[in-house]
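Undergrad: After the structure tokens below, expect a handful of questions from me.
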Amino acid sequence: MKLSKDHIVLQKQNAALEAVKHVHDGFIVGLGSGSTAAFAIEALGERMKIEGIKIMGIPSSYQAFQVAIDNGIPITTLEEHPVIDVTIDGADQLTPELYLIKGGGAALAREKIVAFASKLNVIIADLGKKVAFLGANDQFIPVEVMPFALSPVKRKLAEMGGMLTVREAKGKLGPIITDNGNALVDVVFGEVKNPAELNVSLKMIPGVAETGLFVGLTDVAYVGSVNSVEKFVVERKQFYF
Ligand code: 5RP
């Protein structure tokens, strides 16, 4: 059954409303990017107004920064607060192990840095994002690449069996430029059998700044339906610490 746009919005909003319950007075909050994360940022702004809680946000993108400002959330930085209490972010795909593909909004590098700095990572998504394995339905994996390295990185990604597209900008001719001044290559590998291994192999390529594979970073996920929200909890794997 194909859901209407309104139904998907409701799923995202329901997931966001569960996730913001993890935020308490005085928290430093990592602010994710994308439409689902934006609902969480709005809900946090509401909680500040209604409940009077005081929080500060660390945005993972220019978009998250704008939404936070629009909703009255004071901004801070990783320099001032290197440890984040909780980050709430969206995902393009998530598996039962809470492995993720992220970067649909080109914010993957900062999203991963913010997640890495967080004591608790909460992912929110609509039902369509839940999959049995990463790469299902030929979902692409975004790979952020330094412009100088674009050609050799593309050659290597093709050699690894990937189907590549350099992501094009909207409203500007030519490739998209990330918030870090890099290009993005969207790569389809089909079913990703070992996301941790693929992530490391991709990151070993000189010029690859980051990948959209998030492995062992997520603690909790909320997947929204129209009338309910499913909660997933995993023990965070020690890939990074
Ligand atoms: C941005 C992301 C987003 O969180 C992801 O693309 C999901 O977006 P949306 O909530 O709009 O479906 O990773 O880089």
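Undergrad: DSSP loop chymotrypsin sites (Phe, Trp or Tyr not before Pro) in the stretch 125-185 with at most 16 other Cβ atoms within 10 Å of their Cβ, which ones?
TA: The qualifying sites are PHE133.
Undergrad: Let me ask something additional. Using 0.36 nm per residue of separation minus the Cα-Cα distance, give me the extension gain between LYS193 and ILE113 in nm, one decimal.
TA: Between LYS193 and ILE113, full extension yields 26.4 nm more.
Undergrad: May I pose another question? For a label point 7 Å from the Cα of GLU159 along Cα→C-beta, name the residues of the stretch 187-209 whose backbone N is under 19 Å from it.
TA: Under 19 Å, as judged by backbone N against the label point of GLU159, lie 187-189, 198-209 of the stretch 187-209.
Undergrad: May I ask for the distance between the Cα centers of the stretch 77-120 and the stretch 21-69, given as a whole number of Å?
TA: So the two Cα centres are separated by 14 Å.
Undergrad: With a 1.4 Å probe and every protein chain kept in, tell me what percent of the accessible surface of the chain is carbon plus sulfur.
TA: 59 percent
Undergrad: At 1.567 mPa s and 4 °C, plugging the Kirkwood radius over alpha-carbon pairs of the chain into Stokes-Einstein gives what diffusion coefficient in µm²/s?
TA: Using the Kirkwood radius from Cα pairs, D works out to 72 µm²/s.
Undergrad: Taking only complete DSSP H runs, can you tell me which helices of the chain stretch 18 Å or more along their own long axis by Cα positions and average at least -1.0 on the Kyte-Doolittle scale?
TA: Span-like helices in the chain: 5-19, 35-51.
Undergrad: So how much slack lies between LYS203 and HIS24, counting 0.36 nm per residue of separation and subtracting their Cα-Cα distance, in nm?
TA: 60.9 nm
Undergrad: What's the longest uninterrupted piece of the chain once you rule out the trypsin sites (Lys or Arg not before Pro) that are loop residues per DSSP with at most 12 other Cβ within 10 Å?
TA: No qualifying site falls inside 55-169, the longest such stretch.
Undergrad: What do you get for GluC sites (Glu not before Pro) in the stretch 19-99 restricted to DSSP loop and a cutoff of at most 15 other Cβ within 10 Å of the site's Cβ?
TA: Listed in order of number, the matching sites are GLU79, GLU80, GLU97.
Undergrad: Contour minus end-to-end for LYS231 and THR77, with contour as 0.36 nm per residue of separation and end-to-end as the Cα-Cα distance?
TA: So the extension gain works out to 52.5 nm.
Undergrad: Report for the chain the percent antiparallel among DSSP-assigned beta bridges with both residues inside it, nearest 5.
TA: Around 55 percent of the beta bridges assigned by DSSP in the chain are antiparallel ones.
Undergrad: Once every Cα of the stretch 136-209 carries one equal point scatterer and solvent is ignored, give the base-10 log of I(q)/I(0) from the Debye formula at q = 0.15, 0.20, 0.24 Å⁻¹, two decimals.
TA: Result of the Debye calculation: -0.48, -0.84, -1.15.
Undergrad: Per residue, how much accessible area does the stretch 136-209 have with a 1.4 Å probe, in Å²?
TA: 57 Å²
Undergrad: Given a cut-off of under 8 Å on Cα pairs at least six residues apart, what relative contact order in percent is computed for the chain?
TA: Value for the chain: 23 percent.
Undergrad: Where does the charge balance sit around ILE101 when Lys and Arg score +1, Asp and Glu -1, over other residues with C-beta under 11 Å from its C-beta?
TA: Around ILE101, the surrounding residues sum to 0.
The values are calculated or read from the model by the stated rules, or taken from the named source; none is laboratory data. Keep in mind it's a predicted model, so treat the numbers as computed, not measured. With ideal geometry, Cβ positions are generated from the backbone for all residues, glycine too; neighbour counts draw on all protein chains shown. Ligands, DNA and RNA are excluded from the accessible area calculation, which covers all protein heavy atoms including side chains. Shrake-Rupley method; radii C 1.70, N 1.55, O 1.52, S 1.80 Å.
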